[in-house]
Amino acid sequence: MKLLIVAGPPSAGKTAVVRQILRSVAGLWKIAYLKIDVVRAFEDEELRAEFSIPTKKIYSGDLCPDHMGIMILADTLVWAEQEKADILIIESAGLCLRCTPYTTQSLGIVVLSSVSGTNAPLKMAPMIALADIAVVTKTDLVSQAEKEVFREKIRTVSPTIDIVETNAIQGTGMRYLMQAVVSTPEITDAKMIRLRGIPPLGVCTVCAGKQEIGWQNHCGVVRKLDSTEAIFRGD
Amino acid sequence: METEPIQCITILAGRDRNGVAEPFGRIDINPGDTISIVGPTGSGKTAFINDIEVFACGDTITGRTILVNNRMPPESFVRDPSKKPIAMITQNTKCLSDLTVREFLAMHVRARGITKADICTKTLALANEFTGEKMHLDMRMTGLSGGQTRSLMVADAVLISNAPVILLDEVENAGIFKDRVISCLKSHGKAVIFVTHDPLVSLLSDRRIVMRNGSVERVLTPDGNEREALTVISRMDALMGRLREKIRAGELLTGPVGSA
Ligand SMILES: Nc1nc2c(ncn2[C@@H]2O[C@H](COP(=O)(O)OP(=O)(O)O)[C@@H](O)[C@H]2O)c(=O)[nH]1
Ligand SMILES: Nc1ncnc2c1ncn2[C@@H]1O[C@H](COP(=O)(O)OP(=O)(O)O)[C@@H](O)[C@H]1O
Ligand SMILES: [Mg+2]
Ligand SMILES: [Mg+2]
Ligand SMILES: [Zn+2]
Ligand SMILES: [Zn+2]
């Protein structure tokens, strides 16, 4: 089984890209799909109805959705194997621009919308830097100049990343994403799958749901206004 | 990689929505050609030019293949927007950033590594030939009208992108002089393909591709036989243009309309 992890900010076109993948592998491979979101998601129901594939969703509630994804990934792999899937696609919530959900033994796909402004890639650097391939959607809506600059900014963050430009509704330009999917190796040893990066995960009591403001009220890795770096504060 | 100039783009037939092969062998497009794509909504016009834009190789829904100079094009044509010899402009194509016209053009010039000093003013001057509503470099992109934006995008495609092939998907804008756009693109040796419902644009084209059910149904070559219709429609288009200017200027159209 292959593992695809699709990240990117809300409304970037992640589901539109997943749909295009599902269209192009229809009849060839069986796909299982997991949607991770914070409070509400509908993609699993839509994709199950449209493509008759096994889908699941999970809400992360108070946790960073990327933490959640990591916690449940091993279980999800077991579920997808039971479903006899050839590919497991995980669509992240994409709300945490600091975290990166990509793991080893997977294809990390970051979906970015070209209408989000030419500086957007710089603001989402971690999500891009550890991905294997960037899919830039909504190129039907923006000027040629902005498309070119957008691409340059992605290259600034990750000079060697594979970039695919697409109108994800029409599915134009997807051939290179599909080539990357095809050449992604299967998972060889699920127990050895590791997070690619060390994102700032669950490092403080804000993460655990404590709502007071001010570092004086928190433990873990905290930060003062006039300090240049984070400090650890025990309970 | 150095790429040779584009002499010919070829479309090899695919199949219609029912899987039936299209009734043509190949359609060749050469520099300076003007082609319009016509047909009802849903007949596959946009799909046709999308195939060209992505250099389809049997991997799109239509099964068509696009060749450049009789060969499969290099990957950089397809993947790198700054190397791509094709500029596509649709009704939706906009500059989203809140930039002035000067900053917008300069951004593109920089991205392309062009060093010619006067390229921005030249591009603006060309754009202003296409539209009745003159632009200047200090206007904001987001404040431009549809006609102004399209005029600027076409001029940008010609002079800054320097794309040999320009695709225009239903860019029927009032406020843009279609005949001037066409003759300019011809004189620059650009091949241009219009998806259009506009009689003037269709009549000004050398060839007309008629779409139906996802397939090319026919390729019409009027070859001068529509000259009479073209004369009448050119006159009507010019008249509409003058009336539009008068209305914009706040005039009442009281006299005989034909002599406006
Ligand atoms: N015009 C255009 N719209 C797109 C494109 N990709 C996605 N969309 C639209 O953008 C919206 C958000 O897309 P969706 O796939 O739900 O984003 P997600 O939140 O990242 O999964 C939807 O309305 C899509 O139809 C594209 O390439 N072009
Ligand atoms: N040859 C074809 N085979 C299958 N589907 C097609 C074909 N040509 C077009 N389509 C599909 O038909 C729909 C309408 O086509 P489109 O090109 O948008 O039409 P138009 O621009 O003429 O309104 C699109 O979803 C397109 O993907
Ligand atoms: Mg989604
Ligand atoms: Mg269309
Ligand atoms: Zn996070
Ligand atoms: Zn925290």
Condition met for B:LEU204 (in contact (Cβ under 8 Å) with a residue 60 or more places away in the chain and closer than 30 Å to B:ILE114 by Cβ): no
Given the conditions (1) over 30 Å from A:ARG175 (Cβ atoms); (2) at pLDDT 90 or above, every one holds for B:PRO164 apart from (1)
Please work out which residue is surrounded by the most Cβ atoms within 10 Å (Cβ to Cβ), limiting yourself to region A:69-96 and to residues that are of a type in the set (Gly, Ala, Ser) and within 16 Å of ligand 1 (Cβ to nearest atom). A:SER92
Please determine, by comparing only the residues of region B:129-145 that are over 21 Å from the mean Cα position of the chain (by Cα) and of a type in the set (A, V, I, L, M), which one is surrounded by the most Cβ atoms within 10 Å (Cβ to Cβ). B:MET139
Within region A:36-48, does at least one residue satisfy the condition of being within 16 Å of ligand 6 (Cβ to nearest atom), within 15 Å of the chain's Cα centre (by Cα) and in a helix (DSSP H, G or I)? no
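Each row is one residue, and each column tells you yes or no for (1) assigned by TED's automatic domain parsing to the domain that holds A:ILE87; (2) assigned to a helix (DSSP H, G or I); (3) closer than 19 Å to A:PRO101 by Cα.
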{"site": "A:GLU148", "(1), (2), (3)": "yes, yes, no"}
{"site": "A:GLY171", "(1), (2), (3)": "yes, no, no"}
{"site": "A:ALA180", "(1), (2), (3)": "yes, yes, yes"}
{"site": "A:ILE187", "(1), (2), (3)": "yes, no, yes"}
{"site": "A:GLN211", "(1), (2), (3)": "no, no, no"}
{"site": "A:VAL221", "(1), (2), (3)": "no, no, no"}
{"site": "A:ASP226", "(1), (2), (3)": "no, no, no"}
Sole miss for A:ILE154 among (1) at pLDDT below 90; (2) in a helix (DSSP H, G or I); (3) within 17 Å of the chain's Cα centre (by Cα) is condition (1)
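Yes/no per residue for (1) crowded, with 21+ Cβ neighbours inside 10 Å; (2) more than 25 Å from A:GLY69 (Cβ to Cβ); (3) within 16 Å of ligand 3 (Cβ to nearest atom); (4) among the aliphatic types (A, V, I, L, M):
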site: A:GLN144; (1), (2), (3), (4): yes, yes, no, no
site: A:GLU152; (1), (2), (3), (4): no, yes, no, no
site: A:ILE161; (1), (2), (3), (4): no, no, no, yes
site: A:SER183; (1), (2), (3), (4): no, no, no, no
site: A:THR205; (1), (2), (3), (4): no, no, no, no
Number of the condition not met by A:GLY13 [criteria: (1) surrounded by 24 or more Cβ atoms within 10 Å (Cβ to Cβ); (2) more than 27 Å from A:ASP189 (Cα to Cα); (3) more than 16 Å from ligand 1 (Cβ to nearest atom)]: (3)
Right, B:GLY189: within 30 Å of B:VAL68 (Cβ to Cβ), crowded, with 16+ Cβ neighbours inside 10 Å and more than 16 Å from ligand 3 (Cβ to nearest atom) or not? no
Whether any residue in region A:13-29 is under 25 Å from A:ILE128 (Cβ atoms), more than 14 Å from chain B (Cβ to nearest Cβ) and within 14 Å of ligand 5 (Cβ to nearest atom) is what I want to check. no
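Could you please find all residues in region B:83-93 being surrounded by fewer than 17 Cβ atoms within 10 Å (Cβ to Cβ) and facing another protein chain (nearest Cβ under 8 Å)? Steps first, answer last, please.
Residues of region B:83-93 surrounded by fewer than 17 Cβ atoms within 10 Å (Cβ to Cβ): B:83, B:91-92.
Listed by number, the list holds a single entry, B:ASN92.
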With criteria (1) under 15 Å from B:PHE130 (Cα atoms); (2) at pLDDT below 90; (3) in contact with a Phe, Trp or Tyr (Cβ under 9 Å, 6 or more places away or on another chain), B:ASP156 comes up short on (2)
A:MET124 is checked against (1) more than 30 Å from B:LEU105 (Cα to Cα); (2) in contact (Cβ under 8 Å) with a residue 40 or more places away in the chain and fails just one. What number does that condition carry? (1)
Every listed condition ((1) assigned to a loop (DSSP other than H, G, I, E, B); (2) at the interface with chain B (Cβ under 9 Å from one of its Cβ atoms)) holds for A:ALA131 save (2)
I'm trying to understand the selection: among the residues of region A:127-151, which are in contact with an Asp or Glu (Cβ under 9 Å, 6 or more places away or on another chain), at pLDDT below 90 and among the aliphatic types (A, V, I, L, M)? A:ALA145
Test A:VAL182 against the stated conditions and say whether it is of a type in the set (A, V, I, L, M, F, W, C) and at pLDDT below 75. no
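Residue-wise test of (1) more than 16 Å from ligand 6 (Cβ to nearest atom); (2) loosely packed, with under 14 Cβ neighbours inside 10 Å; (3) within 11 Å of chain A (Cβ to nearest Cβ).
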| position | (1), (2), (3) |
| --- | --- |
| B:SER36 | yes, no, no |
| B:ASN70 | yes, yes, no |
| B:PHE104 | yes, no, yes |
| B:LYS116 | yes, yes, no |
Residue list for region B:80-124, filter: of a type in the set (Val, Ile, Thr) and touching a helix residue (DSSP H, G or I) at 6+ places or on another chain (Cβ under 8 Å): B:ILE86, B:ILE89, B:THR93, B:THR100, B:VAL101, B:VAL109, B:ILE119, B:THR123
Among residues belonging to region B:40-60 that are crowded, with 21+ Cβ neighbours inside 10 Å and more than 18 Å from B:ILE86 (Cβ to Cβ), point out the one that is nearest to ligand 3 (Cβ to nearest atom). B:GLY44
Scope region B:192-207; condition under 25 Å from B:ILE6 (Cβ atoms), more than 16 Å from ligand 4 (Cβ to nearest atom) and of a type outside the set (Ser, Thr, Tyr); matching residues: B:VAL192, B:LEU204, B:ASP206, B:ARG207
Condition check for B:ALA249: over 19 Å from B:ILE35 (Cβ atoms) and either surrounded by 14 or more Cβ atoms within 10 Å (Cβ to Cβ) or of a type in the set (Lys, Arg) (or both): no
Quick check on this structure: which one of A:ALA125, A:ALA74, A:ALA134 is touching a Ser or Thr at 6+ places or on another chain (Cβ under 8 Å) and small (Gly, Ala, Ser)? A:ALA134
Scope region A:97-128; condition within 13 Å of another protein chain (Cβ to nearest Cβ), part of a loop (DSSP other than H, G, I, E, B) and either among the aliphatic types (A, V, I, L, M) or surrounded by fewer than 21 Cβ atoms within 10 Å (Cβ to Cβ) (or both); matching residues: A:GLY117, A:ASN119
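The values are calculated or read from the model by the stated rules, or taken from the named source; none is laboratory data. Just so you know, these numbers come straight off a predicted model, no measurement behind them. Methodologically, a virtual Cβ is constructed for each residue, glycine included, from the backbone with ideal geometry; neighbour enumeration extends over all protein chains shown.
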